[in-house]
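Shown next, in structure tokens, is the structure this report addresses.
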Amino acid sequence: MLQRIILKFRKSVWIYPAIISSLSFIGAVVIGMSDSGRFIAFYKFVPVLFMTSTGLSKDILGVIAASLITMTTFTFSTTMIVLTTYSAQFGPRTVENFLSDDDTMKTTGVFMGGFIYSIVTMLFMRNAIGEQLVVSATIGIVYAIVCLIQFTMYIQHVGSYIQTNNLINRLQRDAEKKIDEYKALLEKGKLVDESTWGREDMIIRIKSKEEGYIQLIDHNEIYRTVQDIKGILLLEKLNGQFVTNESVLFSIFFEEEVKIDEESIDKLLDCLTIGKQKSEMQDFNFTIQKIVEIALRAISTGINDPNTASHCLRIMGVLMGKIARLEGGYLMYRDDKEYPKVAFEVFDFSRQLNSSYHQIIHYGKEDVSVMKALLKSMRFTAEKASSKNKAAIDDYLQYIWNELEKTHGKGYDLNILEKEKNEIIDIVTE
């Protein structure tokens, strides 16, 4: 449930502006009413130096309001330019990373909050106040200085954020975090083959009621939901997979005929969050795919930046190395009793290997430097792979080499690549 709320917040760009604007509105009301003689009498303990007349306060707050709405517009325009650059240079999937960035939305929120503060406090400066001195303008000036500092930090942030290497490094950190969380999940159960529990005669299949991508899976809630079910529950799908209303999400295997009420089915379906877009909150493969997209854009004829593609491949080798010891099968949750039993399908390394490298091989096989980086990336992976996964790397290496022989034939380029290939073979056959 908490992860679902976090997911909604990350996809909602209005959260920070709404929170900061609301706080600014409340602050403006409190300060405005205090200047009017209610709540706090600022003139009793605030130095006269920091108090101004209502006329001067109106002028100052008017200038601040006009300036901040201009800065808000400029920030919005800058954000749109960055989003356009991200989409064109790095791929449309990376746009979400900038939009969900805290600093971007906080800056917009601070400017909007300053504008709201200035406008609202001016409403309390009526002629009824007379010649009484007020503190609203002083606080507005302090707020304006904070906005200038925030604007400077935002410009520096954008300049840093738009750099390719910084984006790749952030994606690497995000992927490593998700991989570590996935490994922690695997430690909660035992990896088994499908044949370990067998297939009983009585099966109930639960289909999805929505269409979209699986964004979140609450594994613990699934286990708690099936406590009273005398059978084996199997989750048929993985994070990031696309499902329709005909897709089977759960299969429950029984030893005797039973019925499951609609409420229990709804509880099970509610353990999965399905949306129109992929989410990287639990799906490290989606983050790796973003790095692949950056590499593909880099080797395109319009950009032609093989060095960036090579850097992406090195990072992919590091990430693939972190999952190279994880093997496929099913994660079995169970308690001390025979039932309930819950099984989740885990990712398959050979499938991950193909999804990570296939497109780069297809579009970049003519560039020797890119293919050399790709083979080095696979060597990084092979160095940390389990025996079973080394066999998968060896099989995939043969596929790559067949493609390279067709492209480059016999010659100097192929000899360079062959050295990298032989290093991988030495690792997987030792």
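The values are calculated or read from the model by the stated rules, or taken from the named source; none is laboratory data. This structure is a prediction, so every number in the text was calculated from the model and none was measured. Note that each Cβ is placed from the backbone with ideal geometry, even for glycine, and that neighbours are counted across all protein chains shown. Just the protein is used for accessible areas: all its heavy atoms, side chains included, with ligands, DNA and RNA removed. Shrake-Rupley method; radii C 1.70, N 1.55, O 1.52, S 1.80 Å.
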Can you tell me how many residues within the stretch 341-362 are farther than 19 Å from residue 393 by Cα and in contact with a helix residue (DSSP H, G or I) (Cβ under 6 Å, 6 or more places away or on another chain)?
1
Going by the structure shown, is residue 303 of a type in the set (Val, Ile, Thr) and open to solvent by 10 Å² or more (accessible area, probe 1.4 Å)?
yes
When you check residue 356 against the structure, is it in contact (Cβ under 8 Å) with a residue 24 or more places away in the chain, polar (S, T, N, Q) and surrounded by 18 or more Cβ atoms within 10 Å (Cβ to Cβ), yes or no?
yes
Taking residue 259 as meeting all but one of (1) in a loop (DSSP other than H, G, I, E, B); (2) crowded, with 19+ Cβ neighbours inside 10 Å; (3) at pLDDT below 85, write down the number of the exception.
(2)
Here are 249, 269: which of them is within 17 Å of residue 344 (Cβ to Cβ) and part of a helix (DSSP H, G or I)?
269
Suppose we filter the stretch 375-424 for residues that are within 22 Å of residue 350 (Cα to Cα), touching a residue at least 40 places away in the same chain (Cβ under 8 Å) and hydroxyl-bearing (Ser, Thr, Tyr); how many remain?
4
Within the set of pairs 6+ apart or on separate chains, which have a first residue in the stretch 56-82 that is on the phi > 0 side of the Ramachandran plot, a second that is part of a helix (DSSP H, G or I) and of a type in the set (A, V, I, L, M, F, W, C), and C-beta atoms under 8 Å apart?
none
Matching residues in the stretch 79-100 - criterion: being farther than 21 Å from residue 281 by Cβ and of a type in the set (Phe, Trp, Tyr):
none
Please tell me if residue 144 is farther than 19 Å from residue 103 by Cα, surrounded by 17 or more Cβ atoms within 10 Å (Cβ to Cβ), aliphatic (A, V, I, L, M) and modelled with pLDDT of 85 or more.
no
Can we say residue 188 is among the charged types (D, E, K, R), in a loop (DSSP other than H, G, I, E, B), out of contact with any Asp or Glu (no Cβ under 9 Å at 6 or more places or on another chain) and open to solvent by 50 Å² or more (accessible area, probe 1.4 Å)?
yes
A careful count of residues in the stretch 386-411 that are in contact with a Ser or Thr (Cβ under 8 Å, 6 or more places away or on another chain), β-branched (Val, Ile, Thr) and open to solvent by 20 Å² or more (accessible area, probe 1.4 Å) gives 0
Reported set for the stretch 78-94 where residues are more than 26 Å from residue 147 (Cβ to Cβ), assigned to a helix (DSSP H, G or I) and either under 18 Å from the mean Cα position of the chain (by Cα) or acidic (Asp, Glu) (or both) is 87, 90, 92, 93, 94
Search result, residues across the stretch 323-373 that are of a type in the set (D, E, K, R), in contact with a Lys or Arg (Cβ under 8 Å, 6 or more places away or on another chain) and at pLDDT below 85
327, 334, 341, 345
With of a type in the set (A, V, I, L, M) and either within 18 Å of the chain's Cα centre (by Cα) or modelled with pLDDT of 80 or more (or both) as the only criterion, which of 105, 125 stands out?
105
Right, residue 214: in contact with a Pro (Cβ under 9 Å, 6 or more places away or on another chain) and either surrounded by fewer than 19 Cβ atoms within 10 Å (Cβ to Cβ) or in contact (Cβ under 8 Å) with a residue 40 or more places away in the chain (or both) or not?
no
Tell me whether the stretch 317-333 contains one or more residues that are closer than 15 Å to residue 173 by Cα, open to solvent by less than 40 Å² (accessible area, probe 1.4 Å), hydrophobic (A, V, I, L, M, F, W, C) and in a helix (DSSP H, G or I).
yes
Restricting the stretch 19-77 to residues that are modelled with pLDDT of 75 or more, of a type in the set (S, T, N, Q) and open to solvent by 30 Å² or more (accessible area, probe 1.4 Å), which is nearest to residue 139 (Cα to Cα)?
53
Testing residue 151 on (1) modelled with pLDDT of 85 or more; (2) open to solvent by less than 30 Å² (accessible area, probe 1.4 Å), one condition comes back false. Which one is that?
(2)
